[in-house]
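J.: Have a look at this one.
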Amino acid sequence: MSETATHNKETRGFQSEVKQLLHLMIHSLYSNKEIFLRELISNASDASDKLRFQALSNSDLYQGDAELGVKLSFDEQANTLTISDNGIGMSREDVIEHLGTIAKSG
């Protein structure tokens, strides 16, 4: 009998804050289709701001890279745009709370 690897899988449902979701749908999704790009860049900038603020009391948070920023990279062949930052990051709980809830802002 062969042994198979077991993986800890977890399925999570999406939640939504209805008032915020309706506001986004009415004021953003139909009037400005590029709003998602502004939001992603803004979130990356916020991550740098949060790290900068927390590093005032703990400079070890910089992990050797005190030059914080947002980087936009375009891969023409793959037809992708990548937005990256070296900001505060997210814990597992942050990911569940903020990415698992539609229209929730951190």
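J.: Say each of Thr80 and Glu17 gets a label point 7 Å from the Cα, pointing the same way as Cα to Cβ; how far apart are those two points in nm?
T.: 3.0
J.: In addition: Which aspartates and glutamates, on any chain, are close to Lys71 with Cα under 13 Å apart, when same-chain ones fewer than 8 places away are left out?
T.: Straight-line reach from Lys71, under 13 Å: Asp85.
J.: Now for a different question. Could you compute the net charge surrounding Leu56? Neighbours are other residues with a C-beta less than 14 Å from the C-beta of Leu56; K and R count +1, D and E count -1.
T.: With Lys, Arg at +1 and Asp, Glu at -1, the neighbours total 0.
Every number here is computed from the coordinates shown, using simple stated rules; none is lab data. Keep in mind that this is a model prediction, so the values were computed, not measured. Counting neighbours? That spans all protein chains shown, and the Cβs are built from the backbone with ideal geometry, glycine included.
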